[in-house]
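Every number in this text was worked out from the coordinates using simple rules, so none of it is lab data. Note that the structure is a prediction, hence the values are computed from the model and not measured.
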Amino acid sequence: MKIIIKWFAGFMEDQTGSASSKRLVLYIFCFFMYMIVKGSLQGKQINFEILYIVAGTIAFLVGAITSEFITKFYGIKKKNI
C-alpha cells in the first residue's frame, strides 16, 4: 500500500521533489475536460464558455509547468544589470 501512495504522490511532485500545486490543479482540470468530452460523446449539450475556460486553464498550466522545468533543469537565472 505504501508503494501505491508513494507512486501516486510522485505525480504531484516537481523536479526538486516538492509538492506542486500547479500539477494538482492541472490534473483536476484534465478530469473536467474528460467529463466534458465524455458528456459530448453521450450526446449532451456542451457549454462552450466552460469548455474554453477549461482548455485555456490546461494550456496555461502546461506552459507554466514546462517553463518551470526548463528553468530548473538548465539552470537559467536572471542576471543583475
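A simple rule links phi to the HN-Hα coupling: the Karplus curve 6.51 cos²θ - 1.76 cosθ + 1.60 with θ = phi - 60°, which for segment 45-50 gives 6, 9, 8, 5, 5, 5 Hz, with x for Gly and Pro. On full extension, the segment bounded by Leu24 and Asn47 gains 5.9 nm, given 0.36 nm per residue less the C-alpha separation.
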